[in-house]
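A.B. asks: Structure below; questions to follow.
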2 protein chains.
Amino acid sequence: MPARRHLPTVVLVVLAGATASEEELPLSLGQINPLLVKAEYAVRGRLLNRAMELEEDLKAGVSLPFKKIVRCNIGNPQALGQKPLSFVRQTLSLVLNPDLLKEPTVRAIYPADVLERAEAYLASVPSAGAYSDSQGIQLVREHVADFISKRDGHPASARDIFLTDGASAGVKALMQMLMRGPHDAVIAPVPQYPLYSATTTLLNGTLSPYYLDESAAWGVTEAELNAALVRATAKGASARALVVINPGNPTGQSLPKPVVVKILEFCAMHGLVLMADEVYQENVYGNAPKFTSFKQALAEVTAKGAPWAQHAQLVSFHSTSKGFIGECGLRGGYFELQNVPDDVRAQLTKLASISLCSNVVGQFAAGLMVKPPQEGEASFTTYAAERAGILASMFSRAKLIAEALNKLPGLSCNAAEGAMYLFPRIHLPAKAIAAAEAEGMVADEWYCIRLLEATGLVVVPGSGFGQEDGSFHFRTTFLPQKDDLEVVLPKLADFQTKFMKEYASEKDEV
Amino acid sequence: MPARRHLPTVVLVVLAGATASEEELPLSLGQINPLLVKAEYAVRGRLLNRAMELEEDLKAGVSLPFKKIVRCNIGNPQALGQKPLSFVRQTLSLVLNPDLLKEPTVRAIYPADVLERAEAYLASVPSAGAYSDSQGIQLVREHVADFISKRDGHPASARDIFLTDGASAGVKALMQMLMRGPHDAVIAPVPQYPLYSATTTLLNGTLSPYYLDESAAWGVTEAELNAALVRATAKGASARALVVINPGNPTGQSLPKPVVVKILEFCAMHGLVLMADEVYQENVYGNAPKFTSFKQALAEVTAKGAPWAQHAQLVSFHSTSKGFIGECGLRGGYFELQNVPDDVRAQLTKLASISLCSNVVGQFAAGLMVKPPQEGEASFTTYAAERAGILASMFSRAKLIAEALNKLPGLSCNAAEGAMYLFPRIHLPAKAIAAAEAEGMVADEWYCIRLLEATGLVVVPGSGFGQEDGSFHFRTTFLPQKDDLEVVLPKLADFQTKFMKEYASEKDEV
């Protein structure tokens, strides 16, 4: 063993007794990155912690007003009983264990198109256990490009596709590329899924909100987009990007095509990258405006020769976590670039390569999402029935909950046009607001904790998404299965009625 | 459709003709985050791009001096023919497709312990397709803690374990927590796996190197650790953390226990978080010092009552990508915290929750790595044979390559004690250095491109990892299968002999 490997003890002699106090250690709350401490992400915050305590109580046999915690805080369909698509899971099981393909008895139980897809995927990589190219597996990126081409009626290219660990990883990569400091602002909706605000905070950027119009089905208005530019300037920042979540999270609206086009134009005119969070594109219900991708809108205006179109920089995000596939845990997703130069694309590839690649199972899950069984293929009937069942059930649950909420005093709720959420307004009486203040809590959080403790229902306070000052909301998914809803909705009705009796006075507008 | 959703066209009128030029767009090279542009990650850089071009040439039938590109640039075992462990893949196939458990003919082909483990995993989550807790699945974290307890002979707790997408994601999270700006430095080895330098650059922190001693089997010396503190100060920064990669990447050394203890003490005395990259802990070969985890060393000095031990903050990283499991594509990993207060742990949980969770298949892969079949269980014989085969083969290939390199003029190479890499020194003649300069290239990169073009062997220039000024190296994995080595090593010998004939003069020390 070479002598120089042993460190002499001289350091010890010099520094003995000089150890830091706990508050001086680098991993202590006062010493770590204050931007991390400042970042907020309410979807898994205080409410969830309280829910986990109550769950422990239930397990320990404590008597509570409910027998089950119903987690509506997060869009996590399979946690609430949604079954995975057979085609997806069958294919992945073969990709992970190719030995199954050698067993005739096993092959016999798999549909032919599943066998075929698994073999194609296995041929596209050395192994599911090998790092892929940083940008993602070429074959899967080609399938994504085909999907986009068919969806929009305009060509897409695998070169523009990056496969990511869910949409979140893609959003973070883009934001990291865009934000240089507090003078750079991102314009984002309020209410808003807090990934955007949290990431902006972590990157020391500035967030400038545009408020969605609750009175017009959470619509996007030009006045608010312009106001957001002004708000950025007032904070000493220039806007670099605009985030749109369509269909909306937490607000559930589906944007009509003319609005999609106008937002694109607004971004191009103001030199903003449009970050289009389109993870709920399959979740549009009933008579709502049908989903229009920003990519399609861009292709159309480009084809029409709009002078601004060639400079409209667009990044659109998609995920395996939502839609009717609901594979949150597999962390699959992608983003597509439009009008982004090659040298910038190379920087994104480099950024991806620092983490080596997104997870390969998630990459294949993205492939299975965008290239499902086609009519005539062995899995098609099952696939189509599973898809129809999941979507119909989601829509019916959305209506059921919205109707239940709208019947209650002190609550009002826009219909869910899309996504997986309702964002009802809580018309909190002054006495309730005062009671929350007396306990040192934000009023909607205080309300949501009372709701949880009375019903077992976990929702997220509106303050976690932002909301107009003086208004209060909560976000709830409509993902619980009907059985659970039949138990929890009457409890909610009972809670709300008693709550309003306790806190409302004649002066309150309810 | 509510009228307010439609944006009027007034914006267009005002701004027509005001579109930005390409260089002014937010996603253009001059406008994006300069820290991203500055970050370097050579493992997938220029050499790999050239290799991909040559691979296309081969496909197109172009005649080259080789028939195959052999990728030794990255530790990606399954890309070079290593078979996955049967136990791992069998279990994961059932977790992803639980319907298989219902088929008696399928159950019959799976070993009993695989069926059992799959059932335990399925019972631990609602579905592999559901988001898990942000910190990772409780059952898997318990298995990780058991593994550490047994490995070290000291208790570990699931509370201290965070499951991550490979080790890289954990390193990035910790660095994001630690780095507040250019005045914060991280001390890291040179040569060094460039994740640390790239992440430091991205976070606008300062990197302060300590040089490994090539003449003493790439050992860590006290003089260099102290020098790194001084170098940080000279850059106007204070050191916050010290990175150790043990076994080393790219240098392959395995640190003896006294050195491990001394480094820990050095960190505690100087108030540095010790970031211990221990992803190659299963890859220690032959007579090399056996792996000692920093956790074990800390537990021992704590038990002995060392006054500094209670303030020794340690984060150790592990991964499913290395060892003999080699599941890079699944992106599984974890880190363990020691002496980190609860409020800081909560901040890490929040950071994890912004990305929701690490991928669930990777989480289970980590579980399968740390809790393999035990003697007496149905899979044990197969598992033990696979493990022994992979490790013996790696060691024999490491020796084969090191011996081949050491026979060649102008090359010298320390034995690989651990990890998956050799880091031979290239004694570049002055004429070669001048030739590289004339082509405007770093000399080792110029050499590696010539090597690639002559042999098909892809390695990474030493400059991608850092090296002492005036010295030149390359990193090569020893992962290619023997068949490929038998083809490529003679080509390498031929290349190097001719190269030295062409460039060396009598004045050069070879």
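A.B. asks: Looking only at region A:345-352, decide whether some residue is in contact (Cβ under 8 Å) with a residue 12 or more places away in the chain, more than 30 Å from B:G362 (Cα to Cα) and touching a helix residue (DSSP H, G or I) at 6+ places or on another chain (Cβ under 6 Å).
C.D. replies: Scanning region A:345-352, I find no residue that is in contact (Cβ under 8 Å) with a residue 12 or more places away in the chain, more than 30 Å from B:G362 (Cα to Cα) and touching a helix residue (DSSP H, G or I) at 6+ places or on another chain (Cβ under 6 Å), so the answer is no.
A.B. asks: Here's a follow-up. Could you please find all residues in region B:1-39 being facing another protein chain (nearest Cβ under 8 Å), at pLDDT below 90, outside any helix (DSSP H, G or I) and closer than 27 Å to A:M177 by Cα?
C.D. replies: Residues satisfying the conditions are B:A18, B:T19, B:A20.
A.B. asks: Let me ask another. Just checking, does region B:96-106 include any residue being closer than 21 Å to B:G329 by Cβ and either out of contact with any helix residue (DSSP H, G or I) (no Cβ under 7 Å at 6 or more places or on another chain) or within 11 Å of another protein chain (Cβ to nearest Cβ) (or both)? Show your work before the answer.
C.D. replies: Here is the first cut: in region B:96-106, the residues closer than 21 Å to B:G329 by Cβ are B:96-97.
Pick out the ones that are also either out of contact with any helix residue (DSSP H, G or I) (no Cβ under 7 Å at 6 or more places or on another chain) or within 11 Å of another protein chain (Cβ to nearest Cβ) (or both) and you get B:96-97.
Within region B:96-106, one or more residues are closer than 21 Å to B:G329 by Cβ and either out of contact with any helix residue (DSSP H, G or I) (no Cβ under 7 Å at 6 or more places or on another chain) or within 11 Å of another protein chain (Cβ to nearest Cβ) (or both).
A.B. asks: To continue, here is another question. Only one of these is surrounded by fewer than 15 Cβ atoms within 10 Å (Cβ to Cβ) and under 17 Å from B:I325 (Cβ atoms): B:K59, B:K83, B:K102. Name it. Step through it out loud before you land on a result.
C.D. replies: Numbers: B:K59 fails: under 17 Å from B:I325 (Cβ atoms); B:K102 fails: under 17 Å from B:I325 (Cβ atoms).
It is B:K83.
A.B. asks: Considering only residues that are within 14 Å of the chain's Cα centre (by Cα), at the interface with chain B (Cβ under 10 Å from one of its Cβ atoms) and either among the acidic types (D, E) or not in a loop (DSSP other than H, G, I, E, B) (or both), which ones fall in region A:168-196?
C.D. replies: Matches in region A:168-196: A:S168, A:A169, A:V171, A:K172, A:L195.
A.B. asks: Give the residue that is nearest to the other protein chains (Cβ to nearest Cβ), with candidates limited to residues of region B:300-333 that are surrounded by 20 or more Cβ atoms within 10 Å (Cβ to Cβ) and farther than 29 Å from B:S134 by Cα.
C.D. replies: Applying the filter and picking the extreme gives B:W308.
A.B. asks: Can you pull out every residue in region B:40-65 that is polar (S, T, N, Q) and within 13 Å of chain A (Cβ to nearest Cβ)? Talk me through it step by step, then tell me what you get.
C.D. replies: Quick first cut of region B:40-65, residues polar (S, T, N, Q) only: B:49, B:63.
If the condition is that a residue be polar (S, T, N, Q) and within 13 Å of chain A (Cβ to nearest Cβ), then B:N49 is the only one that fits.
A.B. asks: Only one residue in B:K371, B:K399, B:K350, B:K407 is among the charged types (D, E, K, R), more than 14 Å from chain A (Cβ to nearest Cβ) and over 24 Å from B:Q481 (Cβ atoms). Which one? Let's see the steps before the verdict.
C.D. replies: Working: B:K399 fails: over 24 Å from B:Q481 (Cβ atoms); B:K350 fails: more than 14 Å from chain A (Cβ to nearest Cβ); B:K407 fails: over 24 Å from B:Q481 (Cβ atoms).
The conditions single out B:K371.
A.B. asks: List every residue pair whose Cβ atoms sit under 8 Å apart, with the two residues 6 or more apart in sequence or on different chains, where the first one lies in region B:66-88 and is at the interface with chain A (Cβ under 8 Å from one of its Cβ atoms) and in contact (Cβ under 8 Å) with a residue 60 or more places away in the chain and the second, anywhere, is among the acidic types (D, E) and in a loop (DSSP other than H, G, I, E, B).
C.D. replies: Every condition considered, the pairs that remain are B:Q78/B:E327; B:P84/B:E327.
A.B. asks: Look through B:S238, B:S215 and report the one residue that is surrounded by fewer than 24 Cβ atoms within 10 Å (Cβ to Cβ), more than 16 Å from the chain's Cα centre (by Cα) and closer than 20 Å to B:S471 by Cα.
C.D. replies: Details: B:S238 fails: closer than 20 Å to B:S471 by Cα.
The match here is B:S215.
A.B. asks: Scan region A:240-264 residue by residue and report those that are in contact with a Ser or Thr (Cβ under 6 Å, 6 or more places away or on another chain) and not in a helix (DSSP H, G or I). Lay out the reasoning, then the answer.
C.D. replies: Looking only at region A:240-264, we keep the residues that are in contact with a Ser or Thr (Cβ under 6 Å, 6 or more places away or on another chain), and these are A:247, A:257, A:260.
Selection gives A:P247 alone.
A.B. asks: For region B:204-222, check the following and say yes or no: at least one residue is modelled with pLDDT of 95 or more, over 22 Å from B:G418 (Cα atoms) and assigned to a loop (DSSP other than H, G, I, E, B).
C.D. replies: Checked region B:204-222: at least one residue is modelled with pLDDT of 95 or more, over 22 Å from B:G418 (Cα atoms) and assigned to a loop (DSSP other than H, G, I, E, B).
A.B. asks: While we're looking at this one, here's another question. Six or more apart or on different chains, Cβ under 6 Å: which pairs go from a residue in region A:116-136 that's facing chain B (nearest Cβ under 7 Å) to one that's acidic (D, E)? Could you list them?
C.D. replies: Pairs that qualify, where the first residue is facing chain B (nearest Cβ under 7 Å) and the partner is acidic (D, E), are A:G129/B:E327.
A.B. asks: Considering region B:293-323 alone, what residues qualify as being among the aromatic types (F, W, Y) and in a helix (DSSP H, G or I)? Step through it out loud before you land on a result.
C.D. replies: First, pick out the residues of region B:293-323 that are among the aromatic types (F, W, Y): B:294, B:308, B:317.
Within region B:293-323, just B:F294 meets the criteria.
A.B. asks: Give region B:245-273 a look and list any residue that's of a type in the set (V, I, T), more than 7 Å from chain A (Cβ to nearest Cβ) and either more than 21 Å from B:G466 (Cβ to Cβ) or touching a Cys at 6+ places or on another chain (Cβ under 9 Å) (or both), or say none.
C.D. replies: B:V260, B:V261
A.B. asks: Same structure again: A:S149 versus (1) part of a helix (DSSP H, G or I); (2) hydroxyl-bearing (S, T, Y); (3) buried (at least 23 other Cβ atoms within 10 Å of the Cβ): which is the lone unmet condition?
C.D. replies: The single condition A:S149 does not satisfy is (3).
A.B. asks: Only one residue in A:Y334, A:Y383 is in contact with a helix residue (DSSP H, G or I) (Cβ under 9 Å, 6 or more places away or on another chain) and part of a strand (DSSP E or B). Which one? Walk me through it before giving the result.
C.D. replies: Working: A:Y383 fails: part of a strand (DSSP E or B).
Being in contact with a helix residue (DSSP H, G or I) (Cβ under 9 Å, 6 or more places away or on another chain) and part of a strand (DSSP E or B) holds for just one of A:Y334, A:Y383, which is A:Y334.
A.B. asks: Another one. Those residues that are surrounded by fewer than 18 Cβ atoms within 10 Å (Cβ to Cβ), outside any loop (DSSP other than H, G, I, E, B) and not acidic (D, E), I need them from region A:434-451; list them, please.
C.D. replies: A:A434, A:A438, A:R450
The values are calculated or read from the model by the stated rules, or taken from the named source; none is laboratory data. This is a predicted model, so every value here is computed, not measured. Counting neighbours? That spans all protein chains shown, and the Cβs are built from the backbone with ideal geometry, glycine included.
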